[in-house]
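The values are calculated or read from the model by the stated rules, or taken from the named source; none is laboratory data. What you see is a predicted model, and the numbers here were worked out from it, not measured in a lab. In this analysis, Cβ positions are derived from the backbone assuming ideal geometry, glycine residues included, and neighbour counts consider all displayed protein chains. The accessibility values were calculated without ligands, DNA or RNA, using every heavy atom of the protein model including side chains. Shrake-Rupley method; radii C 1.70, N 1.55, O 1.52, S 1.80 Å.
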Amino acid sequence: MSRLKAIELQLEPLRDQLKSHPLYNTLSNIEDVAVFMENHVFAVWDFMSLLKSLQNHLTNTNVPWTPKGHGPTARFINEIVMAEESDVNELGVPMSHFEMYIDAMKQVGANTTAIDLFVKAIENGDSIETAAQRINLEKPIVEFIQFTMEVVNSNKPHCVASAFTFGREDVIPDMFLEIVSQSQTQDNDQTYGKLLYYLNRHIELDGDEHGPISLKMVAELCGDDASKWEEVLEIANDALRLRLKLWDHITECIKHKYVEA
């Protein structure tokens, strides 16, 4: 059994928990979807830090330029960066997936104030912690983002690749398929049009293209180094557990909405 297969087998219980999480059954109307998006948008935002970290490790963004020698993985990362930063929306307009998500939030009536203020604070030089405090960001979301930044700051490409691959690319299709199928949204419902386009675009890209290639990236970065493979498994476990905590939090937020009502 390959090391990749062994890791995927060990992660299967956590992946199954994500795929069958109660969150999906709570998404019964547009207000529920809005609550989901207001919380989930921070995971959409911090995904780019993982991606950009890998781009920095596997390509050369410095001037003067010199080759890094990671041709296949450099091509893969550059292709994902192009898709994530400058894909086309449902109208054919180039924009980042994060900006597509913000547009989708507005379409369903979700409040973008928190994420707008958070990103603005980061742009102005605030730390993650300070920016989070400014908007009273809930602990499970802060922990999710902090974990991402700890992995990025570890300066270990194989660890970043693990969080990217097993915590994002390899599980996103399953999660988003559940959201599409369980939220009672319809393709012809213009209220959900932008969100459905975003979700289906990720299912297409991550399931058919990005996910399989990202697994090869992990294998290339680890090689035959047993200690790196151990770290990959540890990071992957942590990433999935924190995703489950985030899903638990969002589920409680949606339920609490009905209690307050």
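Within region 1-15, the residues that satisfy the criterion of being surrounded by fewer than 18 Cβ atoms within 10 Å (Cβ to Cβ), of a type outside the set (K, R) and more than 16 Å from K245 (Cβ to Cβ) are M1, S2, L4, A6, E8, L9, Q10, E12.
Within the set P72, P67, P140, the sole residue that is part of a helix (DSSP H, G or I), exposed (fewer than 13 other Cβ atoms within 10 Å of the Cβ) and not charged (D, E, K, R) turns out to be P72. If you check P173, P212 for being open to solvent by 30 Å² or more (accessible area, probe 1.4 Å), at pLDDT below 95 and in a helix (DSSP H, G or I), only one passes: P212.
The set of residues from region 87-102 being assigned to a loop (DSSP other than H, G, I, E, B) and either on the phi > 0 side of the Ramachandran plot or not hydroxyl-bearing (S, T, Y) (or both) comprises N89, E90, L91, G92, V93. Residues of region 216-239 that are touching a Pro at 6+ places or on another chain (Cβ under 9 Å) and under 12 Å from V160 (Cβ atoms): M217, L221.
Pick out the one residue from I115, I135 that is at pLDDT 95 or above, open to solvent by less than 10 Å² (accessible area, probe 1.4 Å) and farther than 30 Å from Q10 by Cα. When all the criteria are applied, what remains is I115.
E84 meets the conditions (1) part of a helix (DSSP H, G or I); (2) surrounded by fewer than 17 Cβ atoms within 10 Å (Cβ to Cβ); (3) modelled with pLDDT under 95 in every case but one. The failed one is (2). For A43, the requirement of being open to solvent by less than 10 Å² (accessible area, probe 1.4 Å) and of a type in the set (G, A, S) is met. Scanning region 30-39 turns up one or more residues that are open to solvent by 10 Å² or more (accessible area, probe 1.4 Å) and either without any contact (Cβ under 8 Å) to a residue 24 or more places away in the chain or over 22 Å from F118 (Cα atoms) (or both). Given the options I235, I213, name the one that is farther than 23 Å from E79 by Cα, of a type in the set (V, I, T) and touching a residue at least 12 places away in the same chain (Cβ under 8 Å). Of the residues listed, the single one that is farther than 23 Å from E79 by Cα, of a type in the set (V, I, T) and touching a residue at least 12 places away in the same chain (Cβ under 8 Å) is I235. Of everything in region 103-136, what is free of Cβ contacts under 8 Å to residues at least 40 places away in the same chain and not in a helix (DSSP H, G or I)? Give them in sequence order. Within region 103-136, N124, G125, D126, S127, I135, N136 meet the criteria. Restricting the first member to region 47-62 and to residues that are at pLDDT below 95, and the second to residues that are open to solvent by 30 Å² or more (accessible area, probe 1.4 Å) and polar (S, T, N, Q), the beta-carbon pairs closer than 6 Å and six or more apart or on different chains are N60/T66. Exactly one residue out of D187, D224 is surrounded by fewer than 20 Cβ atoms within 10 Å (Cβ to Cβ), out of contact with any strand residue (DSSP E or B) (no Cβ under 7 Å at 6 or more places or on another chain), at pLDDT below 85 and not in a helix (DSSP H, G or I), and it is D187.
Please go through region 7-34 and pick out each residue that is modelled with pLDDT of 95 or more and among the aliphatic types (A, V, I, L, M). Listed by number, the residues that qualify are I7, L9, L11, L14.
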